[in-house]
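> This is the structure I want to talk about, given as structure tokens.
The values are calculated or read from the model by the stated rules, or taken from the named source; none is laboratory data. Since the structure is predicted, the reported quantities are computational estimates derived from the model, not experimental observations. Using ideal geometry, Cβ is built from the backbone for each residue, glycine included, and neighbour counts are taken over all protein chains shown. Heavy atoms of the whole protein, side chains included, go into the accessibility calculation; ligands, DNA and RNA do not. Shrake-Rupley method; radii C 1.70, N 1.55, O 1.52, S 1.80 Å.
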Amino acid sequence: MVSFEMNDIKKIGIGLTGFGIFFSFLGVIFFFDKGLLAMGNILFLSGVMLTIGLKSTMQFFTKPKNYKGTASFGVGFFLVLIGWPIFGMIFETYGFMVLFSGFWPTIAVFLQRLPVIGWIFQQPFVTWIFDRYRGKRVPV
């Protein structure tokens, strides 16, 4: 069994990733504010790099099966930076879904085991959606 050692750099990476998601959320809430979206993108990517390491990040984004997601995410990031946040977020969302689609089964199990709202994700119509995508790809 591989242990996940939590050192200070990984803690900072998780924090940066969380702030990146938060800033991106605020950017969408404030009518696609390009400053908040760009800051969220930068924090998210730097947080991922600190959490899993630079080498693993580069390997993840340059896998042949992840080219489409990486290109889409990169184009969306560029569009946000040049001032087209709505189109940029559309491209980024698609790229994010393609890149991280292997993690959906893990997220589904996590959501089903949440104490207060887990019962919602255990309903037959929701589990049918989760089972459709389970096992299609392996993470990283």
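> Can you give the calculated 222 nm mean residue ellipticity of the chain, where each DSSP H run of n ≥ 4 adds -39,500 (n - 2.57) and the sum is split over every residue, rounded to the nearest 500 deg cm²/dmol? Before the final figure, lay out the partial values.
Working: 8 runs with 103 residues, N = 140.
For the chain, the value works out to -23500 deg cm²/dmol.
> For the charge dipole of the chain, defined by +1 on Lys and Arg C-beta atoms and -1 on Asp and Glu C-beta atoms about the Cα centroid, which residue among 28, 99, 120 has the Cα displaced farthest towards the positive pole?
The residue sitting farthest along the positive end of the dipole is 99.
> I need the phi-derived Karplus couplings for the stretch 35-42: 6.51 cos²θ - 1.76 cosθ + 1.60, θ = phi - 60°, integer Hz, Gly and Pro marked x.
x, 5, 5, 5, 4, x, 5, 5
> Next question, about the same structure. Solvent-accessible area per residue for the stretch 1-55 at a 1.4 Å probe radius, Å²?
Here the residues of the stretch 1-55 average 69 Å² of exposed surface.
> Further, regarding this structure: Quickly work out the residue 93-to-residue 120 label distance, labels modelled 7 Å from Cα along the C-beta direction, and quote it in nm with one decimal.
Once both label points are built, they end up 1.9 nm from each other.
> Over the stretch 95-134, average the accessible area per residue using a 1.4 Å probe and give it in Å², no decimals.
Heavy-atom SASA per residue in the stretch 95-134 reads 72 Å².
> Taking 8 Å as the Cα distance limit and 6 or more residues as the minimum spacing, I'd like the relative contact order of the chain as a percentage.
Reported relative contact order: 18 percent.
> At 0.36 nm per residue, and after removing the present C-alpha to C-alpha distance, how many nm does the segment from residue 8 to residue 78 gain when stretched out fully?
In short, 22.1 nm is gained.
> Along its three principal axes, how long is the chain when you only count alpha carbons? Whole Å, largest extent first please.
For the chain, the Cα spread along each principal axis is 43, 34, 32 Å.
> Multiply the residue gap between residue 132 and residue 54 by 0.36 nm, knock off their C-alpha separation, and tell me the result in nm, one decimal place. Kindly include the intermediate steps, with their values, before the conclusion.
Values: separation 78, 0.36 × 78 = 28.08 nm, distance 3.25 nm.
Full extension of this stretch gives 24.8 nm more.
> Further question on the same structure: Counting only protein heavy atoms, what percent of the accessible surface of the chain is carbon or sulfur at a 1.4 Å probe?
So the carbon and sulfur contribution to the accessible surface is 76 percent.
> Mind putting a number on the dipole of the stretch 45-140 about its Cα centre? Charges go on the C-beta only, +1 for Lys and Arg and -1 for Asp and Glu, and I need it in Debye to the nearest 20. Don't skip to the answer; put the middle values down first.
Working: 9 positive and 2 negative charges, 73 e Å.
Rounded to the nearest 20 debye, it is 340 debye.
> Need one number: convex hull volume per residue for the stretch 58-140, Cα atoms only, in Å³.
Given the Cα convex hull of the stretch 58-140, per-residue volume reads 120 Å³.
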